Amino acid sequence: MKIQWTNLRRQHLGLQEELKSVFGQTMNDGTFVLGPRLQQFEAEIAQYVGCKHGIGVKTGTDALFLSLKGLDIGPGDEVITTPFTFVSTVEVVALLGAKPVLCDIDPDTFNIDVDAIEDEISEKTKVIMPVHLYGQPAEMTRLMDIANKRDLIVVEDAAQALGAEYKGKKAGSWGRTSCVSFYPTKNLSCLGDGGMIITDDDQLTEVLRKLRIHGSSEQYRYVSLGYANRLDELQAAFLSIKLKHLDEWNERRRVLAGRYDEALREYVTIPPIDPHSQHVYHQYTIRTNQQGPLRSFLREQGIPSGVYYPLPLHLHPAYSYLGYKEGDFPKAETASKEVLSLPIDPHLLDDEHEWVVQNVVKFFRMESTRLRG
Ligand SMILES: *Cc1c(COP(=O)(O)O)cnc(C)c1O
């Protein structure tokens, strides 16, 4: 059986009439940029997360970049985040000329270790940027307490966690801004690239709305430098259709995760979930000392798996200038060598999911026979 990592074709098959219909409407009415469909989707997503404003941009990376830019982060500033994340989180800080300051992770949740943050705060620290990795929120109440006490801004990288909650409050509603990605592999995806900044801050919203259109307050009047960076009408229209299904897709991810937990506990380490979290399983990730061999075995059976991430960011050549070295973040470094994400797409069929389980179990049974013999 050949297993797909994401089954967007199946997702779209169920929605194709609606998707085609808004495609036709948008094609005919001729408004493609900064029109009513984007406005509507911005309002819908803000309401979904429980905030006042959404600002649609080109990608999740741009949402992070423009958030920091809108908050005036630049040379001389420091931003605290984690090395165990997708590159964007750290990259945007560096691109703005600010300094990424990294903290090790909590080995259970893979999120920033909140206990490690205070030691990294300096005079120059402006922002703490938690990443809700794999769809599980960081420890947001304690993190917000630290930020508030020290007068620091929180920008959430919620690219993997749309729909997740911490203590009953949505990921993406805690920080000054939060950043979402609609890249095709994410829990809510468009048919291409897309991103969103979510915030309650009226003034910052105005700044961001100008930044995404060349710093203009009205047409052809420029009050600051800016960018050409918007979410297209067509993508916004697709996203409005898909958002209605996000909760049901996330629930399906949790069901599949629960079945993996039950079936695999005997063979691999299932990282404990924070009891305050409602996880949305952007990735279903186990730990094993057989990362490479298990991955190859599954691949031979037609089953894809993923390692997020194979090398923490402080060990990449692009970030060597930060001066970190191997051993600086031992928990992130160990995680890189042990994590393995298994297929968790909500459109995975029950028998496909069962096939993945059977093959993981088979691998470990063969392994134990080999070790005994
Ligand atoms: C996907 C992702 C991003 C970037 O989103 P794009 O839309 O691909 O630019 C940023 N941070 C994290 C944690 C992500 O998973």
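In the stretch 177-208, which residue that is among the polar types (S, T, N, Q), under 30 Å from Arg10 (Cα atoms) and assigned to a strand (DSSP E or B) is nearest to the ligand (Cβ to nearest atom)?
Of the stretch 177-208, the ones among the polar types (S, T, N, Q) are 177-178, 181, 185, 187, 189, 199, 203, 205.
Then keep just the ones that are under 30 Å from Arg10 (Cα atoms); that gives 178, 181, 185, 187, 189.
If we keep only those that are assigned to a strand (DSSP E or B) too, we end up with 178, 181.
Values: Ser178: 11, Ser181: 3 Å.
This residue is Ser181.
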How many of the residues making up the stretch 277-307 are in contact with a Ser or Thr (Cβ under 8 Å, 6 or more places away or on another chain) and open to solvent by 60 Å² or more (accessible area, probe 1.4 Å)?
2
Can you tell me which of Ser189, Ser181, Ser240, Ser217 is without any contact (Cβ under 8 Å) to a residue 12 or more places away in the chain and either in contact with a helix residue (DSSP H, G or I) (Cβ under 7 Å, 6 or more places away or on another chain) or surrounded by 15 or more Cβ atoms within 10 Å (Cβ to Cβ) (or both)?
Ser217
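Residues checked against (1) in a helix (DSSP H, G or I); (2) within 13 Å of the ligand (Cβ to nearest atom); (3) modelled with pLDDT under 95:
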site	(1), (2), (3)
Pro107	no, no, no
Tyr134	yes, yes, no
Thr141	yes, no, no
Asp145	yes, no, no
Glu156	no, yes, no
Ala161	no, yes, no
Gly175	no, no, no
Taking only the stretch 92-112 into account, find how many residues are open to solvent by less than 50 Å² (accessible area, probe 1.4 Å) and more than 21 Å from Glu165 (Cβ to Cβ).
11
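Starting from residues that are surrounded by fewer than 24 Cβ atoms within 10 Å (Cβ to Cβ) and touching a helix residue (DSSP H, G or I) at 6+ places or on another chain (Cβ under 7 Å), keep the ones in the stretch 55-70 and report whichever is farthest from Arg230 (Cα to Cα). Steps first, please.
Of the stretch 55-70, the ones surrounded by fewer than 24 Cβ atoms within 10 Å (Cβ to Cβ) are 58-59, 61, 69.
Still in the list and also touching a helix residue (DSSP H, G or I) at 6+ places or on another chain (Cβ under 7 Å): 61, 69.
Working: Thr61: 12, Lys69: 15 Å.
So, considering only residues that are surrounded by fewer than 24 Cβ atoms within 10 Å (Cβ to Cβ) and touching a helix residue (DSSP H, G or I) at 6+ places or on another chain (Cβ under 7 Å), the one farthest from Arg230 (Cα to Cα) is Lys69.
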Report yes if some residue within the stretch 327-334 is open to solvent by less than 20 Å² (accessible area, probe 1.4 Å), of a type in the set (Phe, Trp, Tyr) and at pLDDT 95 or above; otherwise report no.
yes
Would you pick out the residues in the stretch 10-54 that are open to solvent by less than 60 Å² (accessible area, probe 1.4 Å), over 28 Å from Gln219 (Cβ atoms) and not in a loop (DSSP other than H, G, I, E, B)?
Gln11, His12, Leu15, Leu19, Ser21, Gly24, Tyr48, Val49
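Considering each of Thr199, Thr269 in turn, give the residue that is under 27 Å from Thr26 (Cβ atoms), at pLDDT 95 or above and of a type in the set (Ser, Thr, Tyr).
Numbers: Thr269 fails: under 27 Å from Thr26 (Cβ atoms).
Going through Thr199, Thr269 in turn, just one is under 27 Å from Thr26 (Cβ atoms), at pLDDT 95 or above and of a type in the set (Ser, Thr, Tyr): Thr199.
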The stretch 133-155 residues that are touching a residue at least 12 places away in the same chain (Cβ under 8 Å), paired with ones that are among the basic types (Lys, Arg) and within 16 Å of the ligand (Cβ to nearest atom) (beta carbon under 9 Å, 6 or more apart):
Gly135/Arg253
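For the stretch 109-116, check the following and say yes or no: at least one residue is on the phi > 0 side of the Ramachandran plot, modelled with pLDDT of 95 or more and of a type in the set (Phe, Trp, Tyr).
Taking the stretch 109-116 first, the residues on the phi > 0 side of the Ramachandran plot are 110.
Filter once more, keeping what is modelled with pLDDT of 95 or more: 110.
So of that shortlist, the ones also of a type in the set (Phe, Trp, Tyr) come out as 110.
Among the residues of the stretch 109-116, at least one is on the phi > 0 side of the Ramachandran plot, modelled with pLDDT of 95 or more and of a type in the set (Phe, Trp, Tyr), which makes the answer yes.
Assess whether Ala263 counts as being among the aliphatic types (A, V, I, L, M) and under 24 Å from the mean Cα position of the chain (by Cα).
Values: among the aliphatic types (A, V, I, L, M): yes; under 24 Å from the mean Cα position of the chain (by Cα): no.
No.
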Scanning the stretch 110-126 for residues that are touching a residue at least 40 places away in the same chain (Cβ under 8 Å) and within 14 Å of the ligand (Cβ to nearest atom) gives Phe110
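The values are calculated or read from the model by the stated rules, or taken from the named source; none is laboratory data. All figures in this text were calculated on a predicted structure; none of them were measured in a lab. Note: ideal-geometry Cβ built from the backbone for every residue, glycine included; neighbour counts use all protein chains shown. Just so you know, the surface numbers come from the protein's heavy atoms only, side chains and all, with ligands and any DNA or RNA stripped out. Shrake-Rupley method; radii C 1.70, N 1.55, O 1.52, S 1.80 Å.
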